[in-house]
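As structure tokens, the structure follows; a few thoughts come after it.
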Amino acid sequence: MRSAFSNMTFGATFAVTTCVATAAVSDVIQVDSQISAVTLYPGLAQITRTADVVLPEGQHELILQGVPQSAETASLQVQIDGARRISTRVRDEFVPPRDASTPEIEAAEARIDEIEAQIVAVEDEAARARAAAHAARSSIHFLEQLGSNDGLVGTDATALADIALMISRRAAENHRQIVDAEAEARNQEQALVTLQESLTDARAALAAVSLEDEDRLYVEVTVEAATAGEASIRMQYLTEGAGNIGWSPSYELHLATGSDPELTLNRSVILSQDTGENWQDVALTLSTAEPLGQSAPSRLFPQLRRIEKPMPAPTSKQRLSSDMELDLANEPIIEAAVVVEEIFRQWSVDRSGVAAVYGFDTPVSVASGAEALRLEMDSLKTTATLTAQAVPLRNETAYRMVRFTNEFGEQLLAATQAAHFVDGKLVAVADFAGLAPGAEADLGFGAIKGLTLSRDILDQSEGEQGLISRNTEQVRRVEIEVENLTNRGWPLRLLDRVPYSEQDALEITWEARPAPTEENVEKQRGILAWDMEIAAGATEVIEIETELSWPEGQILR
């Protein structure tokens, strides 16, 4: 994309400049541009940069500085008020060097230079101390050899005594010098440890403020000013950064239990960017549109069917794998008054177009590739229905379920993580599928440890436990028990299943005591539901008996 755009702009520039070759020689003006606004999409950002420049009359080459190389050059648009734009030239390779220093970076670099100079000075002091110790040792070695010099033979006793005293005194002095020098060297080396730690911290501080890429695009715009005056420059481009750019909703779901359960949704958004350039005090807009998503219907291809001879019967291992996959495929996917509290609301939403657009009044700052920014939005409150739901085939406890209706008048966006709280205590972190206006949702709020479940197969045989089987018949009896060990009663919905068949030859009958409240729950064949009230300390029992029969010569799958 970028190379095609570059070829196009270079060709256009050459054609235009050839036509105006007789004009006066243009001057080159460096223009620093700053990010003024950002519109964030999922995985994409539209950047707006602005700059003001005073132009003399005539033709000029404006070098628009600051555009990072993560910008998609094919999307680059330049608008200039106060001058006529003749051509635009973009280069992403062989770009002239630029000074990317800032006062923060310069201060961090100066601190590093200062510490490094201190380290050199301390190393020199330690080396001098070691040198003094070495010189003292050399002096001692000389004195030792002086005492054994053959030239002292024949020297009278008094002279020898004086020489011995001198050697002793000098040796003692040299030893003191060695001790002092070694101590000084150790002190200096200990100071080096502290300085090295300070240097590590200083380098980390530099890394924290030098998050921007030094490489930038070279954008050259040829303009002509009819009269001298100020010109306003506006650039827009798209960028995907290095792959970690965009925004996502975030929720805290707070359930307040009691006689009238209430659900509070604390809404916020989390955004990040890695464009290679820090965003400093920019006007932020968030959009739910997906420019990188599918833009047209999928293509439909013809379907070819054919017949062939049956494949060999699968092995027992293959049948087991197939049965497990089928069982998993048939499993379901686990997953009032309205008050909106606005804590100094600093954002607005526009739902008039094809996507919801959220605008924030307060400028925001986001470092490139180093941080995620969380912006608080509002709190939505609504009444909720609190129940317990049990699936004894899969779980040993029932789960707390909350049903509520989106009466807030706007789409609740999906989130990959939402923290679930019950009476102020965190009980779960799960995804939130989103909810359209007027739609109803059931949310899980963690296990109810005191609402225990058991599911036992009553009958036994030599074959498989709980299975009475003949060549053409299979019977199974199951007992489900729910025990409420909590200090309160619960409205409970219990789910279980019986097998079903799509073949007339395979007959399935079943009986449940007590009978289920609902069959084929949510249009899923064989799924049964019992709705009941279970008091504190109570136990409820359900028995299910199923019978399958089929013709001779067939096997049950």
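Ratio of the stretch 358-455's C-alpha Rg to 2.2 N^0.38 Å, to two decimals?
1.39
So what does the Cα-only Debye profile of the stretch 414-557 read at q = 0.09 Å⁻¹, as log10 I(q)/I(0), no solvent term?
Once normalised to I(0) and log-transformed, intensities are -0.44.
Could you tell me the calculated FRET efficiency between VAL179 and LEU373, based on Cβ-Cβ distance and R0 = 60 angstrom, to the nearest 0.05?
0.55
Given labels modelled 7 Å from the Cα in the Cβ direction, how far is it in nm from THR397 to VAL28?
Here the answer is 7.1 nm between the modelled labels.
Cα centroids of the stretch 54-73 and the stretch 475-531: how far apart, whole angstrom?
Answer, in whole Å: 71.
Against the globular-protein guess of 2.2 N^0.38 Å, express the Cα radius of gyration of the stretch 494-557 as a ratio, rounded to two decimals. Display every interim value, and only then the final one.
Numbers: Rg = 14.9 Å, N = 64, 2.2 N^0.38 = 10.7 Å.
For the stretch 494-557, the normalised Cα radius of gyration is 1.39.
With label points built 7 Å along Cα→Cβ from the Cα atoms of LYS449 and ALA242, find their separation and express it in nm.
Here the modelled spin labels are 4.4 nm apart.
What translational D, rounded to a whole number of µm²/s, comes out for the stretch 178-318 from Stokes-Einstein when the hydrodynamic radius is the Kirkwood one over Cα pairs, at 10 °C and 1.306 mPa s?
D, rounded to a whole number, is 62 µm²/s.
How big is the gap, in Å, between the Cα center of the stretch 113-136 and the Cα center of the stretch 247-279?
The stretch 113-136 and the stretch 247-279 have Cα centres separated by 56 Å.
A short reminder: the numbers here are calculations on the coordinates, not readings from a lab. None of the values given here were measured: they were computed from a predicted structure. Note: ideal-geometry Cβ built from the backbone for every residue, glycine included; neighbour counts use all protein chains shown.
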